[in-house]
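Encoded as C-alpha coordinates, the structure appears first; notes follow it.
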Amino acid sequence: VGELGQPAAICYFVAHEPDNARDYVATSRSLMLISGVVVAIAGIFIAQALTNGQHGVTAGYRMAFIACPIVFMGASYLFALQARNIRHWAVISAVQPVAFLILIGGLTLAHAVTLTSIVIVLIGSSAVQAVVAYALCRKGALSGGHPRRTLYRTVLRYGYSQILATAPTTINITLDELFLSQTVAAANLADYAIAASITSLAFPLVAPIGSVLFPWLAAQGDGSESRRVQLRAVTASLLISSAVMAGV
(Lines give C-alpha, C1' and ligand atoms only; values in the text may rest on other atoms or scores of the structure.)
Protein backbone atom coordinates (compact mmCIF):
# COMPACT_ATOMS: atom_id res chain seq x y z
CA VAL A 1 0.00 0.00 0.00
CA GLY A 2 2.85 2.37 0.81
CA GLU A 3 4.19 2.01 -2.72
CA LEU A 4 0.89 3.52 -4.00
CA GLY A 5 0.79 1.08 -6.90
CA GLN A 6 3.69 2.94 -8.52
CA PRO A 7 5.75 -0.08 -9.68
CA ALA A 8 2.95 -1.03 -12.06
CA ALA A 9 2.05 2.57 -12.89
CA ILE A 10 5.57 3.63 -13.84
CA CYS A 11 6.10 0.53 -15.97
CA TYR A 12 2.81 1.11 -17.78
CA PHE A 13 3.29 4.79 -18.55
CA VAL A 14 6.96 4.56 -19.54
CA ALA A 15 5.93 1.91 -22.07
CA HIS A 16 2.70 3.64 -23.10
CA GLU A 17 4.09 7.19 -23.39
CA PRO A 18 7.84 6.87 -24.01
CA ASP A 19 8.19 10.54 -24.97
CA ASN A 20 7.21 11.56 -21.42
CA ALA A 21 9.12 8.74 -19.71
CA ARG A 22 11.57 10.98 -17.85
CA ASP A 23 8.84 13.12 -16.32
CA TYR A 24 6.82 10.04 -15.35
CA VAL A 25 9.86 8.59 -13.55
CA ALA A 26 10.53 11.89 -11.76
CA THR A 27 6.88 12.21 -10.75
CA SER A 28 6.71 8.64 -9.45
CA ARG A 29 10.03 9.03 -7.61
CA SER A 30 8.85 12.14 -5.76
CA LEU A 31 5.62 10.37 -4.77
CA MET A 32 7.57 7.36 -3.52
CA LEU A 33 9.88 9.58 -1.47
CA ILE A 34 6.93 11.24 0.26
CA SER A 35 5.15 7.94 0.83
CA GLY A 36 8.35 6.28 2.04
CA VAL A 37 8.93 9.00 4.64
CA VAL A 38 5.32 8.72 5.86
CA VAL A 39 5.57 4.93 6.14
CA ALA A 40 8.93 5.20 7.93
CA ILE A 41 7.60 7.65 10.52
CA ALA A 42 4.43 5.63 11.07
CA GLY A 43 6.44 2.42 11.32
CA ILE A 44 8.69 3.81 14.04
CA PHE A 45 5.65 4.40 16.22
CA ILE A 46 3.74 1.17 15.51
CA ALA A 47 6.77 -1.15 15.65
CA GLN A 48 6.49 -1.79 19.38
CA ALA A 49 2.82 -2.73 19.06
CA LEU A 50 3.77 -5.41 16.52
CA THR A 51 6.34 -7.15 18.71
CA ASN A 52 4.74 -7.63 22.11
CA GLY A 53 7.52 -5.59 23.74
CA GLN A 54 10.46 -7.62 22.38
CA HIS A 55 13.12 -4.92 22.10
CA GLY A 56 15.33 -6.67 19.54
CA VAL A 57 12.40 -7.37 17.24
CA THR A 58 11.12 -3.82 17.68
CA ALA A 59 14.50 -2.47 16.58
CA GLY A 60 14.43 -4.75 13.54
CA TYR A 61 11.00 -3.48 12.53
CA ARG A 62 12.09 0.13 12.92
CA MET A 63 15.22 -0.39 10.83
CA ALA A 64 13.13 -1.94 8.06
CA PHE A 65 10.60 0.89 8.16
CA ILE A 66 13.33 3.55 8.08
CA ALA A 67 14.68 1.99 4.88
CA CYS A 68 11.34 2.42 3.08
CA PRO A 69 12.17 5.75 1.34
CA ILE A 70 15.24 4.21 -0.33
CA VAL A 71 13.43 1.00 -1.26
CA PHE A 72 10.38 2.86 -2.60
CA MET A 73 12.38 5.28 -4.74
CA GLY A 74 14.49 2.40 -6.04
CA ALA A 75 11.28 0.73 -7.21
CA SER A 76 10.48 3.73 -9.44
CA TYR A 77 13.77 3.31 -11.28
CA LEU A 78 13.64 -0.47 -11.29
CA PHE A 79 10.20 -0.73 -12.88
CA ALA A 80 10.93 2.04 -15.35
CA LEU A 81 13.65 -0.29 -16.61
CA GLN A 82 11.06 -3.05 -17.01
CA ALA A 83 9.35 -0.92 -19.65
CA ARG A 84 12.51 0.30 -21.36
CA ASN A 85 14.92 -2.63 -21.22
CA ILE A 86 13.59 -5.96 -19.97
CA ARG A 87 17.07 -7.51 -19.82
CA HIS A 88 18.40 -4.76 -17.58
CA TRP A 89 15.30 -5.05 -15.42
CA ALA A 90 15.76 -8.82 -15.05
CA VAL A 91 19.42 -8.45 -14.07
CA ILE A 92 18.74 -5.67 -11.55
CA SER A 93 15.81 -7.60 -10.10
CA ALA A 94 18.26 -10.39 -9.35
CA VAL A 95 20.84 -8.10 -7.70
CA GLN A 96 19.06 -7.84 -4.35
CA PRO A 97 18.20 -11.53 -3.79
CA VAL A 98 21.60 -12.73 -5.03
CA ALA A 99 23.47 -10.22 -2.86
CA PHE A 100 21.23 -11.11 0.07
CA LEU A 101 21.90 -14.83 -0.38
CA ILE A 102 25.67 -14.35 -0.61
CA LEU A 103 25.81 -12.11 2.46
CA ILE A 104 23.58 -14.40 4.50
CA GLY A 105 25.86 -17.28 3.52
CA GLY A 106 28.82 -15.26 4.77
CA LEU A 107 27.08 -14.49 8.05
CA THR A 108 26.26 -18.17 8.48
CA LEU A 109 29.85 -19.24 7.94
CA ALA A 110 30.98 -16.57 10.41
CA HIS A 111 28.33 -17.69 12.93
CA ALA A 112 27.07 -14.10 12.98
CA VAL A 113 23.43 -14.60 12.01
CA THR A 114 21.16 -12.48 14.18
CA LEU A 115 17.90 -10.69 13.52
CA THR A 116 19.74 -7.36 13.39
CA SER A 117 22.42 -8.61 10.98
CA ILE A 118 19.79 -10.09 8.68
CA VAL A 119 17.83 -6.82 8.60
CA ILE A 120 21.02 -4.87 7.88
CA VAL A 121 21.86 -7.21 5.00
CA LEU A 122 18.31 -6.88 3.66
CA ILE A 123 18.45 -3.09 3.76
CA GLY A 124 21.97 -2.96 2.32
CA SER A 125 21.20 -5.26 -0.60
CA SER A 126 18.02 -3.29 -1.35
CA ALA A 127 19.99 -0.03 -1.33
CA VAL A 128 22.55 -1.49 -3.74
CA GLN A 129 19.75 -2.54 -6.06
CA ALA A 130 18.27 0.98 -5.96
CA VAL A 131 21.62 2.60 -6.78
CA VAL A 132 22.29 0.25 -9.69
CA ALA A 133 18.76 0.76 -11.03
CA TYR A 134 19.26 4.53 -10.92
CA ALA A 135 22.59 4.23 -12.72
CA LEU A 136 21.02 2.21 -15.54
CA CYS A 137 18.08 4.61 -15.76
CA ARG A 138 20.53 7.48 -16.10
CA LYS A 139 22.39 5.60 -18.81
CA GLY A 140 19.11 4.79 -20.55
CA ALA A 141 17.83 8.40 -20.57
CA LEU A 142 15.17 7.73 -17.94
CA SER A 143 16.48 10.19 -15.34
CA GLY A 144 16.67 13.97 -15.36
CA GLY A 145 12.97 14.60 -15.77
CA HIS A 146 10.75 16.92 -13.74
CA PRO A 147 7.69 16.08 -11.62
CA ARG A 148 4.52 17.44 -13.22
CA ARG A 149 1.27 18.21 -11.45
CA THR A 150 -0.87 16.68 -14.20
CA LEU A 151 1.13 13.46 -14.06
CA TYR A 152 0.62 13.13 -10.29
CA ARG A 153 -3.09 12.58 -10.85
CA THR A 154 -2.45 10.18 -13.71
CA VAL A 155 -0.01 7.90 -11.90
CA LEU A 156 -1.97 8.02 -8.65
CA ARG A 157 -5.21 7.08 -10.40
CA TYR A 158 -3.51 4.10 -12.02
CA GLY A 159 -1.74 3.24 -8.77
CA TYR A 160 -4.97 3.25 -6.78
CA SER A 161 -6.57 0.83 -9.22
CA GLN A 162 -3.51 -1.39 -8.85
CA ILE A 163 -3.81 -1.31 -5.05
CA LEU A 164 -7.49 -2.24 -5.24
CA ALA A 165 -6.60 -5.16 -7.50
CA THR A 166 -3.66 -6.52 -5.52
CA ALA A 167 -4.14 -5.50 -1.88
CA PRO A 168 -6.83 -8.14 -1.12
CA THR A 169 -4.51 -10.89 -2.38
CA THR A 170 -1.54 -9.51 -0.45
CA ILE A 171 -3.57 -9.25 2.75
CA ASN A 172 -4.98 -12.75 2.26
CA ILE A 173 -1.46 -14.17 1.81
CA THR A 174 0.09 -12.39 4.80
CA LEU A 175 -2.79 -12.07 7.26
CA ASP A 176 -2.30 -15.55 8.69
CA GLU A 177 1.39 -14.99 9.42
CA LEU A 178 0.69 -11.54 10.88
CA PHE A 179 -1.95 -13.07 13.16
CA LEU A 180 0.35 -15.91 14.20
CA SER A 181 3.18 -13.46 14.94
CA GLN A 182 1.01 -12.10 17.73
CA THR A 183 -0.35 -15.38 19.08
CA VAL A 184 2.17 -18.24 18.85
CA ALA A 185 5.84 -18.90 19.59
CA ALA A 186 8.35 -17.65 17.02
CA ALA A 187 9.51 -21.20 16.22
CA ASN A 188 5.95 -22.23 15.34
CA LEU A 189 5.58 -19.19 13.11
CA ALA A 190 8.84 -20.09 11.36
CA ASP A 191 7.62 -23.64 10.63
CA TYR A 192 4.35 -22.29 9.30
CA ALA A 193 6.08 -19.67 7.11
CA ILE A 194 8.25 -22.33 5.47
CA ALA A 195 5.24 -24.57 4.86
CA ALA A 196 3.23 -21.70 3.40
CA SER A 197 6.06 -20.70 1.07
CA ILE A 198 5.97 -24.15 -0.54
CA THR A 199 2.53 -23.29 -1.92
CA SER A 200 4.18 -20.50 -3.96
CA LEU A 201 6.71 -22.67 -5.80
CA ALA A 202 4.91 -22.20 -9.11
CA PHE A 203 4.99 -18.42 -8.92
CA PRO A 204 8.57 -17.90 -10.18
CA LEU A 205 7.72 -19.99 -13.25
CA VAL A 206 4.62 -18.06 -14.29
CA ALA A 207 5.30 -14.51 -13.03
CA PRO A 208 7.94 -13.81 -15.73
CA ILE A 209 5.27 -14.30 -18.39
CA GLY A 210 3.36 -11.32 -17.03
CA SER A 211 6.53 -9.32 -16.40
CA VAL A 212 7.56 -9.60 -20.06
CA LEU A 213 4.10 -9.06 -21.51
CA PHE A 214 3.00 -6.15 -19.31
CA PRO A 215 5.15 -3.43 -20.93
CA TRP A 216 4.47 -4.88 -24.38
CA LEU A 217 0.71 -4.77 -23.82
CA ALA A 218 0.98 -1.23 -22.42
CA ALA A 219 2.76 -0.10 -25.59
CA GLN A 220 0.33 -1.93 -27.89
CA GLY A 221 -2.93 -0.75 -26.36
CA ASP A 222 -6.24 -2.56 -26.81
CA GLY A 223 -6.80 -4.69 -29.86
CA SER A 224 -7.46 -8.20 -31.05
CA GLU A 225 -3.75 -9.10 -30.99
CA SER A 226 -3.39 -7.92 -27.38
CA ARG A 227 -6.42 -9.92 -26.26
CA ARG A 228 -5.13 -13.00 -28.10
CA VAL A 229 -1.74 -12.73 -26.38
CA GLN A 230 -3.39 -12.23 -22.98
CA LEU A 231 -5.48 -15.38 -23.45
CA ARG A 232 -2.41 -17.39 -24.40
CA ALA A 233 -0.48 -16.06 -21.41
CA VAL A 234 -3.24 -16.91 -18.94
CA THR A 235 -3.68 -20.38 -20.45
CA ALA A 236 0.07 -21.10 -20.32
CA SER A 237 0.28 -19.85 -16.73
CA LEU A 238 -2.66 -22.03 -15.70
CA LEU A 239 -1.16 -25.15 -17.27
CA ILE A 240 2.35 -24.56 -15.85
CA SER A 241 1.17 -23.74 -12.33
CA SER A 242 -1.28 -26.65 -12.27
CA ALA A 243 1.45 -29.10 -13.30
CA VAL A 244 3.93 -27.79 -10.73
CA MET A 245 1.44 -27.74 -7.85
CA ALA A 246 0.16 -31.22 -8.73
CA GLY A 247 3.73 -32.44 -8.38
CA VAL A 248 4.15 -30.62 -5.05
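Among the conditions (1) part of a helix (DSSP H, G or I); (2) under 25 Å from S35 (Cα atoms); (3) small (G, A, S), S143 misses just one, which is (1). Being under 18 Å from V1 (Cβ atoms), modelled with pLDDT of 90 or more, open to solvent by less than 60 Å² (accessible area, probe 1.4 Å) and in a helix (DSSP H, G or I): is that true of L156 here? It is true that L156 is under 18 Å from V1 (Cβ atoms), modelled with pLDDT of 90 or more, open to solvent by less than 60 Å² (accessible area, probe 1.4 Å) and in a helix (DSSP H, G or I). Condition check: of a type outside the set (S, T, N, Q), out of contact with any Leu (no Cβ under 7 Å at 6 or more places or on another chain), touching a residue at least 60 places away in the same chain (Cβ under 8 Å) and open to solvent by less than 40 Å² (accessible area, probe 1.4 Å). Does A127 satisfy that? Yes; evaluated as a whole, the condition is true for this residue. For first residues located in region 42-67 and in contact (Cβ under 8 Å) with a residue 60 or more places away in the chain, partners that are in a helix (DSSP H, G or I) and β-branched (V, I, T) and lie 6+ apart or on another chain with Cβ distances below 6 Å form the pairs M63/V119; A67/I123. Taken over region 19-39, the criterion of being open to solvent by 10 Å² or more (accessible area, probe 1.4 Å) and either in contact (Cβ under 8 Å) with a residue 40 or more places away in the chain or within 24 Å of A167 (Cβ to Cβ) (or both) is satisfied by N20, R22, D23, R29, S30, L31, L33, I34, S35, V37, V38, V39. Can you tell me which residue in region 106-124 is farthest from the chain's Cα centre (by Cα), limited to those that are open to solvent by less than 40 Å² (accessible area, probe 1.4 Å) and within 28 Å of W89 (Cβ to Cβ)? This residue is G106. Every listed requirement among (1) open to solvent by 80 Å² or more (accessible area, probe 1.4 Å); (2) touching a residue at least 60 places away in the same chain (Cβ under 8 Å) is met by I163 save one, (1).
The values are calculated or read from the model by the stated rules, or taken from the named source; none is laboratory data. This structure is a prediction, so every number in the text was calculated from the model and none was measured. With ideal geometry, Cβ positions are generated from the backbone for all residues, glycine too; neighbour counts draw on all protein chains shown. In case anyone asks, the SASA skips ligands and DNA or RNA and just uses the protein heavy atoms, side chains included. Shrake-Rupley method; radii C 1.70, N 1.55, O 1.52, S 1.80 Å.
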